[in-house]
Amino acid sequence: MADVTRTAHVDPIPLTDLAELGTSTGRAVSIFLPTARGGAEVRENPIRAKSLIKEAEGQLSAHGASAEEAAGILGPLVALLEDDTYWQQLSDGLALFATDGLWRAYRVATALPEAVHVSDRFAVRPIVPAAVSDGEFLILAGSQNKVRLFEGTASTVRELDLGSIPSSVEDMAGDEQPPAHQQQRFSAGPTGNGGGAGVLHSHGTGAEVGDVQRDKFLRQVAQGLREQLEPNDRRPVVLAAVGEHLPRFREYLGYEHLVDEVVAGNPDALSAGELHERAWAIVGPALGRRAEGDAERLGDAIGAGRAIVGGGSEILKAAKEARVERLLVTRRRCAADHGPDDLDAAIGHVLATSGSVVVVDSLPQDVAEGAILRF
């Protein structure tokens, strides 16, 4: 299988940004458009964006904004059109937001339909799947010789910077080389999987030194990965390594979304595409089960009288009162071709009050959105 790589640029969308956009009020412009990653069509990206910004200017005028006010709101987006490098580094879709004193631009790996919305709030729903890491997962491919970190979706994978994660056992913080008489070699673990990913052996002192070195390495890898995870992160993590390392790594990481099954064996020789193929076979079904579990939990909350289903205005009221623990939104409600409504604001207020937002395919009673309440 050829490598599945995300060569275009994709912007992270922090949940704090989503909360800020969702709770913002005043004249707000939301623009969405599909973009080309390469080829001759790349030249069309800024041209199409310029046309949509012009359309937004007309809508602002129709909403009573003066020419000066419209120019102030749209000025940052107009300036972005002059950044030639930016327009050569797009992905599949672009979302632009602007209001007085605030603007954001996000390149996303989803082809968004062309849409311009001018309202008293932002249309944040189209970027919610990307912001809440919908369908995203991480792959930690590690042996004592080499560590790599990847972010994947069902169809893409890209390698991430390791940050503070050691790239190998020699890269450990505070590591000291053993005495010369301790000849080190890497060999396969008891599972018999390929060399290079097993236990560190030392001659002259027994296996205990190897165990200490290995555990220190796993601890530092786990600590570095923990620093990479966002607050309220729900992305599953798949470990590509010798299976015997999973229990200890789970203990050190302390992350509930570490997947129970590993891509077993030595990952060093596997390409990004091969790792993605094997990891997706594990995490794809797990993501499906998690979505089903979220929907079932809403059903239980409905039965217990601790939920609101349908009706964005009721959910918004509860969100402003910090009563929403989890907001579940169906994929069909995240379309870009509908203007903003109370659900967009509810998303912002749920996140601003430490609640969580989840995107699912369907919900009980065929409702489009539902909120599980704290009280």
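Taking amide H as placed 1.01 Å from N in the peptide plane, the amide H of Tyr255 sits under 5 Å from none that are at least 5 places away or on another chain.
Give, in nm to one decimal, the length gained when the segment between Glu256 and Thr16 is fully stretched (0.36 nm per residue of separation minus the Cα-Cα distance). Intermediate results must be reported in sequence, preceding the final value.
Values: separation 240, 0.36 × 240 = 86.40 nm, distance 2.21 nm.
The Glu256-Thr16 span can extend by a further 84.2 nm.
Between helix 67-80 and the chain there is an angle of about 30 degrees, using the helix long axis and the longest principal axis of the Cα atoms.
Only Lys, Arg, Asp and Glu carry charge here, each on its Cβ (+1 for the first two, -1 for the last two); on that basis the chain has a dipole of about 400 debye about its Cα centre. Under 15 Å from a label point 7 Å along Cα→Cβ of Lys317: give me every residue in region 340-375 with its amide N that close. Only 342-343, 346, 371 pass the distance filter. Compared with the dominant Cα axis of the chain, that is its longest principal axis, helix 272-303 is turned about 60°. Placing dummy labels 7 Å off each Cα toward the beta-carbon, the span from Arg48 to Glu82 is 2.5 nm.
Close amide H partners of Thr110, meaning residues 5 or more places away or on another chain with modelled amide H under 5 Å apart, are Asp92, Gly93. In a fully extended conformation the segment linking Ala304 and Arg374 would gain 24.0 nm over its present Cα-Cα distance, using 0.36 nm per residue.
Mind pulling the angle between the C-alpha long axis of helix 342-352 and the longest principal axis of the chain? Nearest 10 degrees, somewhere in 0 to 90. It works out to around 40 degrees. FRET efficiency for the Glu244 to Asp361 pair, using the beta carbon distance and R₀ = 45 Å, is estimated at 0.80. Here the Kirkwood formula puts the hydrodynamic radius of region 1-159 at 16.9 Å, using every distinct Cα pair. The reciprocal of the average 1/r between distinct C-alpha atoms defines the Kirkwood hydrodynamic radius, which for the chain equals 22.9 Å.
For region 17-94, the Cβ-based charge dipole about the Cα centre amounts to some 200 debye (Lys, Arg positive; Asp, Glu negative; other atoms uncharged). Any chance you could check the Cα centroid distance between region 25-70 and region 243-268 for me, in angstrom? If you average the Cα positions of each part, the centres end up 46 Å apart. Ordering 38-46, 282-290 by mean Cβ neighbour count within 10 Å, with the highest value first, yields 282-290, 38-46. Listed by chain and number, the aspartates and glutamates whose alpha-carbon sits under 16 Å from that of Lys320, ignoring those within fewer than 8 places in the same chain, are Glu20, Asp341, Asp342, Asp344.
Close amide H partners of Leu160, meaning residues 5 or more places away or on another chain with modelled amide H under 5 Å apart, are Leu149, Phe150, Glu151. Expressed in units of 2.2 N^0.38 Å, where N is the residue count, the Cα radius of gyration of region 290-375 is 0.97.
Multiplying the residue separation of Arg289 and His9 by 0.36 nm and subtracting their alpha-carbon distance yields 97.8 nm.
3J(HN,Hα) couplings calculated from phi for region 220-237 with the Karplus curve 6.51 cos²θ - 1.76 cosθ + 1.60 (θ = phi - 60°) are, in sequence order, 6, 4, 4, 4, x, 5, 4, 6, 7, 7, 6, x, 6, 5, 10, 5, x, 10 Hz; Gly and Pro show x.
Can you work out the accessible area per residue across the chain, with the rest of the protein chains kept in place, probe 1.4 Å, in square angstrom? Please list the in-between numbers first.
Numbers: 16730 Å² over 375 residues.
Averaged over the residues of the chain, the accessible area is 45 Å².
The values are calculated or read from the model by the stated rules, or taken from the named source; none is laboratory data. These numbers come from a predicted model, not from an experiment. Neighbour counts are summed over all protein chains in view; Cβ atoms, including those assigned to glycine, are modelled from backbone coordinates with ideal geometry. Calculation scope for accessible area: heavy atoms of the full protein, side chains included, ligands and nucleic acids excluded. Shrake-Rupley method; radii C 1.70, N 1.55, O 1.52, S 1.80 Å.
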